[in-house]
1. Going residue by residue through region 385-396, is there one that turns out to be among the basic types (K, R), within 16 Å of the ligand (Cβ to nearest atom) and at pLDDT 95 or above?
2. Does K218 satisfy the condition of being basic (K, R) and surrounded by 24 or more Cβ atoms within 10 Å (Cβ to Cβ)?
3. Please pick out the residue among T523, T561, T537 that is at pLDDT below 90 and either outside the structural domain of A612 (by TED's automatic domain parsing) or surrounded by fewer than 16 Cβ atoms within 10 Å (Cβ to Cβ) (or both).
4. Could you list all residues from region 240-252 that are surrounded by 18 or more Cβ atoms within 10 Å (Cβ to Cβ) and under 28 Å from the mean Cα position of the chain (by Cα)?
5. For region 594-611, how many residues are without any contact (Cβ under 8 Å) to a residue 60 or more places away in the chain and buried (at least 19 other Cβ atoms within 10 Å of the Cβ)?
6. Going by the structure shown, is K452 in the same structural domain as E280 (by TED's automatic domain parsing) and in a helix (DSSP H, G or I)?
7. Filtering region 161-189 down to residues that are over 20 Å from the mean Cα position of the chain (by Cα) and in contact (Cβ under 8 Å) with a residue 40 or more places away in the chain, which residue is farthest from L139 (Cα to Cα)?
8. Which one of the conditions (1) modelled with pLDDT of 95 or more; (2) assigned to a loop (DSSP other than H, G, I, E, B); (3) within 16 Å of the ligand (Cβ to nearest atom) does A339 fail to meet, given that it meets all the rest?
Amino acid sequence: MKKTAMSMVSVLVALSMTACGTASNTASQGTAESTSGSKYTPGSYTGESQGHGGNITVTADFTENAISNVSFDLSVETESIGQAAADTLKDEILKAQSADIDAVSGATETSDAVKRALQSAIDQAAASGSTASSDKAPLKDGTYTESATSFGFTGDMVGSVTIADGKISDIKITKETDSITGQWFKTAEKNLIPRIIESQSIGVDSISGATTSSGAIKKIVAEAIDEAGGNSNDWYETQEKSSEVKKLEGYDVIVVGLGGSGILSYCAAAKSGASVFGIEQAAAIGGNSASVYGPMVINSKNLAEKYNDGKDYIDADDVYKTWIDYVGTDEKADVIRKAVDESGSAVDYYMDNFGFEFDGMEGGLVGSFVRPDWDKEWTVYTADENNSKWYILGPDHTFQFDRAIEKAKAMNEKNDYMLELKGDELITDENDNVIGVRCTYYDGTTYEIYGKTVILATGGFVGNKEMMEEYLGHDVNVLGSTLDKGDGIKMGQSVGGSTYAMGTLPMIHVSQVPHIIRTDELTADQKAILSALALTTDAPEITINGEKWGGEDASGTDESTGLTVGIAYAPGFMYYTAWSQDDIDTIRTKGLSEATSKAEVNFIGNGGKLPAAGTPVEDIDKILSVGEDFKDVISGTPAEIAKEMNVDAETLAKSLGTTSDSSDKFYLVACSGWSYGTVGSLDIDANMNVLKKDGTPIENLFAVGQDSEGVCNADGKAYSPWGGQAQSWTFVSGKNAGENAAKVAKNK
Ligand SMILES: Cc1cc2nc3c(=O)[nH]c(=O)nc-3n(C[C@H](O)[C@H](O)[C@H](O)COP(=O)(O)OP(=O)(O)OC[C@H]3O[C@@H](n4cnc5c(N)ncnc54)[C@H](O)[C@@H]3O)c2cc1C
C-alpha cells in the first residue's frame, strides 16, 4: 500500500513552522514503511530550500525504485524566471531520476534551490531510512573561500569558512556589495553567522528583512562543506521551534512596525507619558525609512532659522490648494491641511526632543520635483556621525532612529521593544474591542502583548503579491522592503477598519531592467548597455499588452502637475523599448545614439560605464542574448514576440510599424518600475484613528505612515509628487498618533 507521507495539512504545518523567512531543507516525514531490497520507501516527501526570493519547496512522489512525480511551490520566485523554469526542471528531474540535473539558464538560483530541496526529499525516501543528518560525511579541516550571488548589484559576496575538528568553527564575509543599498546585510552578518555556528546547521531561519544576504551566506557555507568533502544537503537540519506562549501586559500603547512612522509614534507616545511596547519583524529598526533621502518640511522653524534667515520659505496655502486640486476632492481636506501645516512643526518637534538632524544636501532645503517655484520644499537627513556614509539610496541615518528610540525607551522603565518579532493579529475581547497584538518571535515563541491602544505602522503592502494584484492589478519589482506585506492593513480590516484609495499607484521613481543581472555572464559595462537600451528615451515604447506607450501620447505625464511619472501609469508598471534588426546593426557598427549613451543606468545598476555615443558596440549580440536568458529581452518576428508576450500579433505588429506576417527580426528590451512602497491604506481621520465603513473611529486603533498614506492621495493616480511627502507623513502621522494614543490610554 502506498503511503502518502506528506499530507497537504502537514505541508502547511511544515511551512508555517518556518514562517519567519526560514531557509530550511527538511520537511515533515510521515510514516514510511521500509521495503527491503528497494531503493526508496514509497511515499511523498517534501524538501525545502532557500531560493532567490525566499523558501521554495519540492514535493516528490516515490515508488520503491523511482521518482514518479515531482511538484514545486515556487511562489516566492520571480514569475518570469524562477517559476517559468518549473516545467523544465520537472522534466529534467524525472528523466535523471536524481537531483543531479543542469541548472536552467537564467534561473540558476531557483534551479540550485530545487536541487537542494529535491536531494532532501530523496534522502528522506531512501529505503535505508538513513536521514542525512545522522550520516554526515566527515569534513576535512581547513579554511575555504567561496562566493555566492547576493543582493548587491555590482558583485558576488565572498566569504571564508573555517572547518575545525570537522565542525563549522568560523564564517567571515570578506567581500560584499549588499550593504551599499542599506543596513540589511549587516543584520544577516550579525545574527545569522552565530546561529549557523551554534546549531551547526544551514537550515536555520534566514534573518527577516535580509533573506537574500542570508541565503548567500548559507550558500557560501554550503559550498565550503562540499569542498571539505562533505555533502551540504546533510547540513540543513531545521531547528525545533518553541511552542511557548508568553504574555506581556499592561502597556498603554503598542506599536506594530518600527520603521519611520512606528519609531516616531513610539517617541511621541513615550514623551506624552505612555508606557509603550514596539514590535518589529526585521532584525533592525528603520524599515524603508532607514534608506530615504528625507521629508517634505513646510516652514520648519528650525530649518528656516538655519537656512532661510528665520523666514517662512514656502506658501503653505499654495501647497494645500495644489494638493486638493491634485486629489480632486476635499473629502480628506482636514487631513491634508494637517499634512501641510504640521509637516514643518512635526519635524521641529523631533529635532527638539529626539535629536533628529537634517542637512544632507547643500543648503539643507531642497526644491520640489514638480514646482520649480517651490525652491525650498523638503530636506535630507544628516548622514552618519561623520556625515560621510551614504547608501546609494540615501544617507545612512539609522543612528538617528536608534538614538531616538533609545531616548524614548528610557522615558519609562516599562517601555520596551523587540526585534525579529512579527505582529500576526490583533487580540480582541468578547465585545470585539482591541486589547492587544499576538506575535511570533523568530524562535517560534508566541507573544501576546496586551495594551490599551494599538498603532499600526507596518509600511503598506508592496511585498504582498496577492494584495498588489487585488488592488493594483499587478505585482511590481520592489526597491524597498518586501517585509511590508499589508499586515497592518489586514489587522485594521479584521476589526472593521475601512480602506481608502487602495488603487493609488505605487511609489515609483526608478526604472531598470526587471531582472538585474547579478552574475558575471556580462561585464558591468555590458550590463550598462543593456540597461541603457531599456531606459533610453530614444526608442519606441510598447506596453505589456503590445500597444504603443509614452512618446507622442505622453501618457506618462500627469496633467495637473506636469510631472512625468510615466512608468507608474504603464500597465503592469513596465514597458518594452522596441529595436529593429537595423537598429541593432547600427549599434554594432556605429554605437549608441547620444540620448541612449546618456541614459541614467546606475541609480540602481551594476556600476558599469556606457561608451560614448558613436563607439561601435561589437558585442551587442552577446549582450542581447544574455539579456534574453534573463528574460530582459524578447527577440523574434512580430508573430514570435507576440506569442511570447501572449498578446495579439496584429496589435503588436502595428505598434512596431509593420505587419504580423513580417519576417523581420525585432528586439524588445524590458524596462520595469522599481517601487519604494504602496500608498493605498486604512481609512483614518485627522486624529489618525482608523475609521469603520460607517465613518466612525475605532477609538483605540491608529494607523500611520504607509498604513494610512491613502488619505493624502487618490485612486488611480500616482502618489502626491512634490517631493518628500511620504516621509513627511511619517512625522505628522507618527506625532499625532503617538500623542492621541497616549491620551486615549490615559482616559481608559
Ligand atoms: C529606497 C527608498 C527611498 C525613499 N526615499 C524617500 C524620500 O527621500 N522621501 C520620502 O518622502 N519618501 C521616500 N521613500 C518612501 C518612504 O520610505 C516611505 O514612505 C516611508 O519610509 C514609510 O514609512 P513607514 O513607517 O510607513 O514604513 P517603513 O519605514 O517601511 O516601516 C515599516 C516597518 O514595519 C515592519 N513590519 C512590517 N510588517 C510587520 C509585522 N507584521 N510585524 C512587525 N513589523 C512589521 C517592517 O519590517 C518595517 O520596519 C523612500 C523609500 C525607499 C524604499
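1. No, every residue in region 385-396 fails to be among the basic types (K, R), within 16 Å of the ligand (Cβ to nearest atom) and at pLDDT 95 or above.
2. So K218 fits the description; yes.
3. None of the other options fit; the residue is T537.
4. Hit for region 240-252 is K241, nothing else.
5. Selection size over region 594-611: 0.
6. no
7. Ranking the candidates gives I173 first.
8. Going through the list (1) modelled with pLDDT of 95 or more; (2) assigned to a loop (DSSP other than H, G, I, E, B); (3) within 16 Å of the ligand (Cβ to nearest atom), A339 breaks only (2).
The values are calculated or read from the model by the stated rules, or taken from the named source; none is laboratory data. Predicted model only: the values in this text are computed from it and were never measured. Note that we place each Cβ from the backbone using ideal geometry, even for glycine, and neighbour counts take in every protein chain shown.
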